[in-house]
Amino acid sequence: MPPTNPLTLIVATTPIPTREKTLLGIGLNGTLPWPRIKADMSFFARVTSRSPRPGTTNAMIMGRKTYDSVPKSLRPLGKRINVVVTRDASGNVSRRVLEELEGKKAKLAAAAASTAVQNKDDGSVTDAIVSSGLEAALETVDKRFNGMLGNVFVIGGAEIYAAALRLGGDRPIRIVMTNVEKKEEDGEKAGFECDTFFPVDEALLLEKGWKKASAEEVTEWVGEPVSSEWKDEGDIRIQMVGYKRVN
Ligand SMILES: NC(=O)c1ccc[n+]([C@@H]2O[C@H](COP(=O)([O-])OP(=O)(O)OC[C@H]3O[C@@H](n4cnc5c(N)ncnc54)[C@H](OP(=O)(O)O)[C@@H]3O)[C@@H](O)[C@H]2O)c1
């Protein structure tokens with residue numbers, strides 16, 4: 001049966017000009033290169049947790065380092081299937097993630113019991129899976145959550161984005177990208193230092209069979225209005241753009 005769920009890469013990048021080309025920075029020292037951007041973090045939380053139909057849950061596939069970059073008190077992230085990709089064959093990563101899932105479930109149960117007025121339940125679940133690669137991860141969520149799987153996201157980092165961009169097959173693949181820039185200081189363009197980069201820049205994407213998506217298309221993918229206008233947050237500005245693989 002052909003896969004029906006499109007795969008959406010969700011990423012925030014900042015331009016790093018080099019002599020040859022502009023790289024797209026995504027990380028520094030195991031975390032994000034910029035201070036907390038409230039608008040982008042809440043966009044990420046809404047988009048990844050909003051399931052397309054009641055009774056379904058979205059999956060987020062991530063590398064083990066990206067999972068570890070989420071504060072321990074928050075992971076695995078609630079109301080989503082957290083899929084952690086690792087080469088660890090000792091079982092240590094798996095044990096740790098499943099222990100953290102049990103802790104999270106206990107916290108959620110305690111919070112639900114102590115809340116007099118319950119939040120309206122959309123039927124989504126909090127879950128975590130450990131997988132040995134991206135393709136195995138996709139196969140597992142498709143099978144295990146058959147009929148209950150919502151949207152499928154790849155949330156980084158660089159290694160997993162690269163694997164997603166290499167995927168063959170006829171599964172539609174899209175990128176929802178937040179462009180992050182520091183506002184100019186005294187006419188000087190100041191950037192963020194980065195040590196981890198999105199595997200391709202826009203020029204290469206467009207060369208390799210990708211197309212820029214319209215704001216309407218991105219709006220449809222994420223389930224809320226998205227415009228490509230720049231928005232200011234303190235001394236940072238952000239813009240949402242989308243790309244789709246066309247061949
Ligand atoms: N700006 C953004 O939107 C964004 C999004 C996500 C992450 N980030 C940043 O990106 C950085 C992390 O990215 P990263 O590239 O260093 O790490 P990553 O992709 O998050 O994780 C790498 C790890 O994933 C596992 N892995 C990767 N490819 C695999 C494969 N093909 N098969 C099996 N396992 C595989 C390995 O885990 P094991 O070592 O356990 O074997 C590997 O060490 C952080 O700075 C983070 O904050 C930024």
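The values are calculated or read from the model by the stated rules, or taken from the named source; none is laboratory data. Predicted model only: the values in this text are computed from it and were never measured. Here Cβ is always computed from backbone atoms with ideal geometry, including for glycine, and neighbour counts include all displayed protein chains.
Annotations
- Scanning region 78-92 for residues that are outside any helix (DSSP H, G or I), in contact (Cβ under 8 Å) with a residue 60 or more places away in the chain and surrounded by fewer than 20 Cβ atoms within 10 Å (Cβ to Cβ) turns up nothing.
- Selection over region 121-132 of residues that are touching a Ser or Thr at 6+ places or on another chain (Cβ under 9 Å) and either within 8 Å of the ligand (Cβ to nearest atom) or within 19 Å of Ile10 (Cβ to Cβ) (or both) gives a count of 6.
- Test result for Lys104, more than 18 Å from the chain's Cα centre (by Cα), part of a helix (DSSP H, G or I) and crowded, with 20+ Cβ neighbours inside 10 Å: yes
- For region 41-78, a residue qualifies if it is away from the ligand (no atom under 15 Å from the Cβ), under 14 Å from the mean Cα position of the chain (by Cα) and within 18 Å of Glu224 (Cβ to Cβ), and the qualifying residues are Arg46, Ser49, Arg50, Asn58.
- Members of region 35-57 found to be under 17 Å from Met148 (Cβ atoms) and either free of Cβ contacts under 8 Å to residues at least 24 places away in the same chain or assigned to a loop (DSSP other than H, G, I, E, B) (or both), listed by number: Arg50, Ser51, Pro52, Arg53, Pro54, Gly55, Thr56
- Residue count, region 133-151 (criterion: within 16 Å of the ligand (Cβ to nearest atom) and crowded, with 19+ Cβ neighbours inside 10 Å): 4
- Residue within region 163-183 that is in contact with a Gly (Cβ under 8 Å, 6 or more places away or on another chain) and of a type in the set (Gly, Ala, Ser) present: yes
- Filter result for Val97 (surrounded by fewer than 17 Cβ atoms within 10 Å (Cβ to Cβ) and more than 14 Å from the chain's Cα centre (by Cα)): no
- Strands (runs of 3 or more DSSP E) wholly inside region 155-234 containing at least 3 residues that are modelled with pLDDT of 90 or more, surrounded by 17 or more Cβ atoms within 10 Å (Cβ to Cβ) and within 14 Å of the ligand (Cβ to nearest atom): 173-182
- If you go through region 1-34 and pick out every residue that is within 13 Å of the ligand (Cβ to nearest atom) and either free of Cβ contacts under 8 Å to residues at least 12 places away in the same chain or not in a strand (DSSP E or B) (or both), you end up with 5.
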